[in-house]
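Please read the structure below before turning to the comments.
The values are calculated or read from the model by the stated rules, or taken from the named source; none is laboratory data. Keep in mind it's a predicted model, so treat the numbers as computed, not measured. Note: ideal-geometry Cβ built from the backbone for every residue, glycine included; neighbour counts use all protein chains shown. Areas reflect the complete protein model, heavy atoms only, side chains present, ligands, DNA and RNA absent. Shrake-Rupley method; radii C 1.70, N 1.55, O 1.52, S 1.80 Å.
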Amino acid sequence: MATSTTNGPRGAQRWKEMSKPEVGDWRVKGGLAQMLKGGVIMDVVTPDQAKIAEDAGAVSVMALERVPSDIRRDGGVARMSDPDLISGIIDAVSIPVMAKARIGHFVEAQILEALGVDYCDESEVLTPADNEYHIDKWQYKMPYVCGARNIGEALRRIGEGAAMIRTKGEAGTGDIVHAVTHARQILADIRNIQNSPTEELMSMARDFQAPYELVVEVHRTGKLPVVNFAAGGIATPADAALLMQIGVEGVFVGSGIFKSSNPAKMADAIVRATTHFNDPDMLAEISRGLGDAMPGIEANKIPVADQLQTRGW
Amino acid sequence: MSSLNGDGATPQQPRIGVLALQGDFAEHIHMLSEIGITAVEVRKVQQLSEIDGMIIPGGESTTIVKLLGMFDFVDELRSQVESGMALWGTCAGMIVIARELADPYPTPLNLLDIRVARNYFGRQVDSFESELEIDGVEGDHMRAVFIRAPIVIDTGIGVEILARVPAIDDRPEQAVAVKKGRVLATSFHPELTRDTRMHSLFVELAEEARSDSVRRSTEETRSIV
């Protein structure tokens, strides 16, 4: 039995020495995002909503006090959620729980890590705490997901330690147009980098304002070094399938579930559609009889100053 | 017989599918391609009769169990495994195929006689990598990536334990790789490394399934029916 050498106290000691099990290293952080692929991450504001999301097949929930459409409606400063709320949601479900910190607010992030949050979203949906700097995400065992509109923004966040990227879209609108724009832009930038000769990569890194080493890696692999999801405006199963067909690896649904007329049904349908995103017959079935999607507002009519996506750089 | 040679597989090559309802199926397909196997993404239950072995990848076990039920996989998967199809569950996949969980939900498929505890090592901040010695895997230790990983707390008759993590601090020794017949389960994620040895081991099980005459005759009877 090969395992016999690891049995007993001496074996344990040896295993400890040779393993040096480092929690929170890069592969382990990015690895969780790999496990979320092909899945739906849902915004929830109560433990009950978290259970509905889990029962519908969500791969993770985002715990927050108000969904983006309410944040948009209410105005004022949007901050990290109350730890009681986050802990309540952590206790209610067995799937991973994400929570949002303000851009640059590394103390909110420290608090989220202390609460045992599985993924931190350094999010433009909350009011930024720093006009210049994002969080140094390497300093945490907790992995991060960050929003991006193009490859430069994505690679800057990855350079800062983000282990997962999502499009920014325009959160809280129920309008898919900006998520589509951002997903297409990121994928077009990747194709551009991949198809360029190596001598052009340094100038591309300069133009994208992206770390050179990461531009080289995108050139070599033809994809982002981390998992790439869509977020910001997804409100129907067809929206989710559209982004999946465009080429993202999974979706976040914010206001789209619990602002619809039948959240459990909508959640279930978006989960199914994200799995069978390439099967129009299934999508037709899935899309039947869901009731009303969230009302939504046309994102192109929102003045730039009121857009959430322009927060961060 | 011609159907046995479909899907571009050579007569020697087993036909392997990776369940692609949710999770890191692309990583498994990539690992298999590194050892010369062209695997298919399995999204529909009809595909089960066209493969010799299937991997249930890492992902969210609650989601995968739900999707398997939703898309009517459960009975057909059970009957394929009973008639000799090879099966390997990694992490969430181990949870999905277990007999029983220590948690109240989800309800696993009971395809391997093991009792499993989910998220045994803790939350994501407790996820880790380590070296592991695995029975049946020659050479150096494997680098094992544990992400919110489950462990096997109890095994039924005939279930072979291939690897354990030793007792550390207040935790007892625990099994993290097990096998019975052609069904394999691992707590960790070989697909996130570049080490293809576990995948080679699984391909051998699928080869066995492919050349299993009893299984083949069952399959032919089915196709006639």
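Could you report the range B:3-224's accessible area per residue, 1.4 Å probe, as an integer in Å²?
Each residue of the range B:3-224 exposes 36 Å² on average to a 1.4 Å probe.
Lys/Arg Cβ at +1, Asp/Glu Cβ at -1, dipole of the protein assembly as shown taken about the Cα centre: which of A:VAL253, A:GLY31, A:GLY172 is farthest positive-ward?
Final value for the positive-end residue is A:GLY172.
Pick from B:GLU27, B:GLU129, B:GLU191: which is most flexible by mean-square fluctuation in a GNM of chain B where alpha carbon atoms under 10 Å apart are linked?
B:GLU129
FRET efficiency for B:THR107 and A:ARG288, Cβ-Cβ distance as r, R0 = 30 Å, nearest 0.05?
Using R0 = 30 Å, I get an efficiency of 0.65.
Label 7 Å along Cα→Cβ of B:ASP140; the range B:160-200 residues with amide nitrogen under 14 Å?
In the range B:160-200, the label zone of B:ASP140 (backbone N under 14 Å from the point 7 Å along Cα→Cβ) covers B:193-197.
Residue-wise, which Karplus ³J(HN,Hα) couplings in Hz belong to the range A:131-137, taking 6.51 cos²θ - 1.76 cosθ + 1.60, θ = phi - 60°, and x for glycine or proline?
Using θ = phi - 60°, the values come out as 7, 10, 10, 8, 5, 6, 6 Hz.
Hey, got the dipole for the protein assembly as shown? About the Cα centre, +1 on K and R Cβ, -1 on D and E Cβ, debye to the nearest 20?
Charge dipole of the protein assembly as shown: 200 debye, to the nearest 20.
In percent, what relative contact order does chain A have, based on Cα pairs under 8 Å that are 6 or more apart in sequence? Write out the running numbers ahead of the final one.
Details: 649 pairs, mean separation 56.9, N = 313.
Computed value for chain A: 18 percent relative contact order.
Stick to the Cα atoms of chain A, pair each with every other, and give me the Kirkwood hydrodynamic radius in Å at one decimal.
Its Kirkwood hydrodynamic radius stands at 20.1 Å.
Which whole number gives the average count of other chain Cβ atoms within 10 Å of the Cβ atoms across peptide A:53-59?
Mean number of neighbouring Cβ atoms from other chains: 5.
How large is the accessible surface per residue of chain A, computed with a 1.4 Å probe and reported in Å² as a whole number? Walk me through the numbers before you get to the answer.
Working: 12300 Å² over 313 residues.
About 39 Å² of surface per residue is accessible.
What residue among B:ARG143, B:ARG171, B:ARG197 has the largest mean-square fluctuation in a Gaussian network model of chain B, using Cα springs under 10 Å?
B:ARG171
Would you mind checking which residues have amide H under 5 Å from A:MET164's amide H? H placed 1.01 Å from N; only 5 or more apart, or other chain.
A:TYR144, A:CYS146
Threshold 50 Å², probe 1.4 Å: give the residues of the range A:223-272, in number order, that are less accessible with all protein chains present than with their chain alone.
Hits at the 50 Å² cut-off: A:ARG272.
Chains A and B: buried accessible surface, both sides, probe 1.4 Å, rounded to 100 Å²? Don't skip to the end; give the middle numbers.
Details: alone 14460 and 10630 Å², together 20720 Å².
Chain pair A/B: roughly 4400 Å² of buried accessible area.
Tell me, in nm to one decimal, what length is gained between A:VAL107 and A:VAL304 on full extension, where the rule is 0.36 nm per residue of separation less the Cα-Cα distance?
68.0 nm
Let me have the 222 nm mean residue ellipticity of the protein assembly as shown computed from DSSP H runs of 4+ only, each contributing -39500 (n - 2.57), with the sum over all residues rounded to the nearest 500.
-11000 deg cm²/dmol
Report, in debye and to the nearest 20, how large the dipole of the range B:3-224 comes out about its Cα centre when Lys and Arg carry +1 and Asp and Glu carry -1 on their Cβ.
Working: 22 positive and 35 negative charges, 97 e Å.
Approximately 460 debye in magnitude.
Mind checking B:116-125 for the average number of partner chain beta-carbons within 10 Å of each residue's beta-carbon?
Neighbouring Cβ atoms belonging to other protein chains average 5 per residue here.
Roughly how many whole Å is it from the C-alpha centroid of the range B:31-79 to that of the range A:73-90?
Rounded to whole Å, the Cα centres lie 38 Å apart.
Determine ³J(HN,Hα), in whole Hz, for all residues of the range B:124-129 in sequence, where each value follows from phi through the Karplus function 6.51 cos²θ - 1.76 cosθ + 1.60 and θ = phi - 60°; x replaces Gly and Pro.
4, 5, 9, 5, 7, 10
What percentages make up the Cα-Cα pair-distance distribution of the range B:3-224 when the bins are 5 Å wide from 0?
Computed distribution, short to long bins: 1, 7, 16, 21, 21, 17, 10, 5, 2, 1, 0, 0.
Using Cα pairs closer than 8 Å and at least 6 residues apart in sequence, work out the relative contact order for the range B:3-224, in percent.
Details: 454 pairs, mean separation 43.3, N = 222.
Contact order relative to length: 19 percent.
I need the peptides A:212-223, A:37-48, A:158-169 ranked by packing, meaning the mean over residues of other C-beta atoms within 10 angstrom, with the highest value on top.
So the peptides A:212-223, A:37-48, A:158-169, ranked by packing, come out A:158-169, A:37-48, A:212-223.
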